[in-house]
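The values are calculated or read from the model by the stated rules, or taken from the named source; none is laboratory data. Treat the numbers as computed from the prediction; the structure is a model and nothing was measured. Positions of Cβ are backbone-derived with ideal geometry, glycine not excepted, and every protein chain shown enters the neighbour counts.
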Amino acid sequence: MPANRKSHFHYKARQLFCEEVPLGQVAEEVGTPLYLYSYNSLIDGYREVCHAFSKLSPLICYSLKANGNLTLCRILATEGAGADIISGGELYKALQAGFPSQKIVFAGPGKNEEEIEYALKENIFMFNVESQGELRLIEKLSRQLNQTVRISLRINPDVDAKTHRYITTGKRENKFGLDFDEA
C-alpha cells in the first residue's frame with residue numbers, strides 16, 4: 001500500500017476493526033467464515049488508479065471475474081468505473097449493478113452468438129476480439145443489426161512467461177488472442 005494511503009483496517013486495544021466496526025462483533029453476528037470489504041479501501045484504491053492515469057483520460061474497468069459481488073460492483077459503477085466482462089451473464093450483472101453500457105468492454109475467448117448479439121443490442125463500448133471467427137461473427141451480427149462496433153484485437157505474442165502451464169496465456173497453443181500474422 002502506498003505510504004500516503006490510509007489503511008481502513010486497524011487494531012484498537014488488541015481488537016481488529018474495519019473502518020470503525022469491530023470485526024469480532026461482525027463474526028459473532030453473522031458467523032464465520034465470511035467476506036468483509038472496506039468501502040473506503042475500495043474507493044481509495046479506485047481513485048488512486050484514476051489519479052495515476054488521469055493525464056491519459058482512460059476508461060478504467062473493473063473485472064467482474066475478479067469478484068462479481070453486486071454491492072462492490074454498484075460502488076465502483078457509482079464512482080464512474082467501467083466493467084470488464086467475459087460472458088453474457090456478466091453483462092447482465094454489470095447492467096444490474098449500474099455500469100453504463102457505454103463503459104462495458106467484452107473480453108475473453110468463447111463468446112457465443114447469443115452473447116455477442118446481447119452485447120450489441122445493449123450497445124456496449126467495445127469487444128476485445130480473440131479470433132478471426134469471433135471477428136467474423138461480430139461483423140455478421142453488427143451488419144444484421146445495422147450497428148457500428150468498436151473492437152480491439154488481442155494479440156498473442158507467443159512468449160513464454162515461464163509460469164505454470166495451466167495458467168499461461170501468451171503462447172501460440174493457448175486459446176487467447178490472435179497470432180501476429182492473423183492480426
Looking at (1) in a loop (DSSP other than H, G, I, E, B); (2) modelled with pLDDT under 95, which is the only condition His10 fails?
(1)
Scanning region 28-49 residue by residue, those surrounded by 11 or more Cβ atoms within 10 Å (Cβ to Cβ) and hydroxyl-bearing (Ser, Thr, Tyr) turn out to be Tyr37, Ser38, Tyr39, Ser41, Tyr46
Condition test on Leu23, is it on the phi < 0 side of the Ramachandran plot and touching a helix residue (DSSP H, G or I) at 6+ places or on another chain (Cβ under 8 Å)?
no
Would you say Gly108 is out of contact with any Leu (no Cβ under 9 Å at 6 or more places or on another chain), closer than 14 Å to Ser152 by Cβ and assigned by TED's automatic domain parsing to the domain that holds Ile151?
yes
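Scan region 50-69 residue by residue and report those that are free of Cβ contacts under 8 Å to residues at least 60 places away in the same chain and either small (Gly, Ala, Ser) or surrounded by 14 or more Cβ atoms within 10 Å (Cβ to Cβ) (or both).
Once the filter is applied, which keeps residues that are free of Cβ contacts under 8 Å to residues at least 60 places away in the same chain and either small (Gly, Ala, Ser) or surrounded by 14 or more Cβ atoms within 10 Å (Cβ to Cβ) (or both), region 50-69 yields Cys50, Ala52, Ser54, Ser57, Ile60, Cys61, Tyr62, Ser63, Leu64, Ala66, Gly68, Asn69.
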Counting just the residues of region 91-104 that are crowded, with 20+ Cβ neighbours inside 10 Å and of a type in the set (A, V, I, L, M), which one comes out farthest from Glu130 (Cα to Cα)?
Ala97
Return the residues of region 21-77 that are assigned to a strand (DSSP E or B) and of a type in the set (A, V, I, L, M); say none if nothing qualifies.
Val21
Of all residues in region 77-90 being out of contact with any Cys (no Cβ under 9 Å at 6 or more places or on another chain) and not β-branched (Val, Ile, Thr), the one that is surrounded by the fewest Cβ atoms within 10 Å (Cβ to Cβ)
Gly89
Is there a residue in region 47-66 that is in contact with a Leu (Cβ under 8 Å, 6 or more places away or on another chain) and either among the acidic types (Asp, Glu) or at pLDDT below 95 (or both)?
no
